[in-house]
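Comments concern the structure below.
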Amino acid sequence: MERLSDPLADRKTKCAKVAFLETITRSKKDIVAFVNSHLGWNHAGEFVKRHIGSLNVGVSVQNIRTQEHALIRFPIPAEVYRPPSEPWLEQRVTNEVMVLNCLALQTTIPVPRVYHWARSASGLLSSKDTWKEKAFCDILKAQSNGKEDNPILDPDMDDSKLDLVYEQIAGFHLQLSRLRFPAIGAISSITRSGDCTVAWPPLTYDMNTVASFTGFPADYFESASTKAPKRAHGYFVERAQSLQINLETHCGGWHEDENITWKRYVARHCLERLVPIYCAPDDDEDVDGAYRLFCDGLGPSNMLADPETMRITALLLGNPAVLANKLGKQRFLDLFEPRKVQYIRAMERAEAASPSPPPKPTGVGKEGRPRLLPLSARVRESWDSGRFWFNLATRSCRDADDIYWRFLHRDGRGVSILDEATLGIREDYLRRKKEQNDTYSTRALDDFRDSLGHPPGSGTKQPRRLMSAETGLYVGFLIAVGLVLLCFWESELSRI
């Protein structure tokens, strides 16, 4: 089953991204001057390279006298949805800085130190060794044969070396699991002692995806409660319902078999029915009723390490579902299962060595509810029960259907758990989707003609401008008013 997508929106975004990157390149001198000014480098800064990520573009600048490096990072406007009343671009940066400051105060995780930031841009990294460090993913991945672009863990890597890697990452996970937050959402304030307030609603990568690339009505998020949800059960119900709206409003122009279209509908309604199975109403109230910090980017692609010692020196906050989609279910499982066992053992060693004793795995807690299991046991249970895939599906609008049918569907599920009212609209639903796709195809054809310089009804070529004056002004504005976030950095950084 193909991922849910909108080729037209994707193409427009790529064009806008290219234009923005060209503007960044033309602005190199201004960017270097900005870094020199804010770091007091007295004109010693020199442009090194660009680093292009999915949501940001970074520019590394080196002090030619001290060999220090700085990274100035700009959010790519085309990649982040900008509703009129809710500045998501600015809020995303604020959320990231809040988390970095929280981790710096409450953990020993090597996160970058933020020297300068504003609500329209991103940051400045700090480390010690300028030349040895490199992206951890490049250290760990197998050599590419030119046919497979996915970064795959080197199957010949020595187990003792991999144990060292896993124990470090497990230690990070363990520290994150011991942070307590009162609600689901974004950190809105933090004290010098590290105490956090969570008063803002969540702003997730998936929310940005559906609003930017799938035709989802973004006012759905604007009209929702502005407060952070208090219960996980309600949050997952809302997520499942938003996936249904996403499917109903999406018109990506794919002309697939009607059975596939209907299977998407069934999958998204089944996910809502599975909420009580994987997240009972009082599951999140046992023991302490607190919530933990979660990050999609806690992987080797967003880490820096010393290739000689394999020690992780920096964690850069930024999909298993995408990987599974590209590799295929069995290929993914064949690669993942042996390493999962090795990682859980590393987690158990990290728990045993932790200065803070892990929660007891037996007995009862408040009002007779079970005590919270150790993190290693929860990881194992999440995989064995399918909770991992359920969680992933509810936050992956483009992969939710595929994840359900590959990993969550089993005997007794599917249409058998849906009511007559949900199933009775099959013909009407398929008719609506066909009309949506026909309209989309006409619009896509007109857009294609326009991109070639042949607008509908015109026989005159009109070359299309990829770069707008607005794009250039945006970068100039960021630099002029200091809407950037700087980070000292002393390593090769290939992914942001």
Against the definition (modelled with pLDDT of 85 or more, farther than 14 Å from I139 by Cα and acidic (D, E)), how does E285 come out, yes or no? no
Positions within segment 245-260 being buried (at least 18 other Cβ atoms within 10 Å of the Cβ) and at pLDDT 75 or above, in sequence order: N246, L247, H250, C251
Of the residues F181, F172, F213, which single one is among the aromatic types (F, W, Y), over 19 Å from I312 (Cβ atoms) and modelled with pLDDT of 85 or more? F181
Quick one: which residue in A70, A33 is hydrophobic (A, V, I, L, M, F, W, C), within 19 Å of W117 (Cα to Cα) and surrounded by fewer than 17 Cβ atoms within 10 Å (Cβ to Cβ)? A33
Can you pull out the residues in segment 312-326 that are out of contact with any strand residue (DSSP E or B) (no Cβ under 6 Å at 6 or more places or on another chain) and at pLDDT 60 or above? L316, L317
Restricting segment 184-205 to residues that are part of a strand (DSSP E or B), under 26 Å from V237 (Cα atoms) and of a type in the set (A, V, I, L, M), the residue that is modelled with the lowest pLDDT: A199
Restricting the search to segment 216-240, which residues are modelled with pLDDT of 85 or more and among the charged types (D, E, K, R)? E238, R239
Looking only at segment 33-51, decide whether some residue is part of a strand (DSSP E or B), farther than 30 Å from I403 by Cβ and touching a His at 6+ places or on another chain (Cβ under 8 Å). yes
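The values are calculated or read from the model by the stated rules, or taken from the named source; none is laboratory data. Remember, it's a predicted structure, so these values are computed and weren't measured experimentally. When we count neighbours, we look across all protein chains shown, and the Cβ atoms used for this are built from the backbone with ideal geometry, even at glycine.
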